[in-house]
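Chemist: Here it is: the structure, laid out below.
The values are calculated or read from the model by the stated rules, or taken from the named source; none is laboratory data. No experiment lies behind these values; they were computed from the predicted model shown. Glycine also receives a Cβ, built like all others from the backbone with ideal geometry; neighbour counts cover every protein chain displayed.
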């Protein structure tokens, strides 16, 4: 596999999720030297987060999108739109928080509850 990664997160002792400058997301197993690929973004992937408790991968990009994947099926579950490039993601068993910024505004999306298919969310705008 050859890719220039701009974002990554470890899945386990053998695998890593890598987001690249062209919008591709790789699940790479370095023990077996195999990868799976998706192209969920049209621009650079800025943030990748693995949620161990749900076996989800969440990606954020310069295309203002957040994508949520089921790691077992390696398929997209949900796509969310932001008002700016997504630069921050955090997740636990009950919440997903994403952050994006544009000029002097910062946007946060708080998604409650998980499981993902029941998502309702709030968008907070913080000006500074």
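Chemist: Among the listed residues 84, 100, 73, identify the single one that is farther than 17 Å from residue 24 by Cβ, in a strand (DSSP E or B) and modelled with pLDDT of 75 or more.
Modeler: 100
Chemist: Checking residue 90 against (1) in contact with a strand residue (DSSP E or B) (Cβ under 8 Å, 6 or more places away or on another chain); (2) surrounded by fewer than 15 Cβ atoms within 10 Å (Cβ to Cβ); (3) in a loop (DSSP other than H, G, I, E, B), which test does it fail?
Modeler: With respect to (1) in contact with a strand residue (DSSP E or B) (Cβ under 8 Å, 6 or more places away or on another chain); (2) surrounded by fewer than 15 Cβ atoms within 10 Å (Cβ to Cβ); (3) in a loop (DSSP other than H, G, I, E, B), residue 90 is out only on (3).
Chemist: Okay, moving on. Kindly provide the set of residues from the range 45-70 that are crowded, with 20+ Cβ neighbours inside 10 Å and in contact with a helix residue (DSSP H, G or I) (Cβ under 9 Å, 6 or more places away or on another chain), ordered by number.
Modeler: 56, 68
Chemist: Return the total of residues in the range 20-49 being outside any loop (DSSP other than H, G, I, E, B) and either under 17 Å from residue 80 (Cα atoms) or free of Cβ contacts under 8 Å to residues at least 12 places away in the same chain (or both).
Modeler: So the count comes out to 8.
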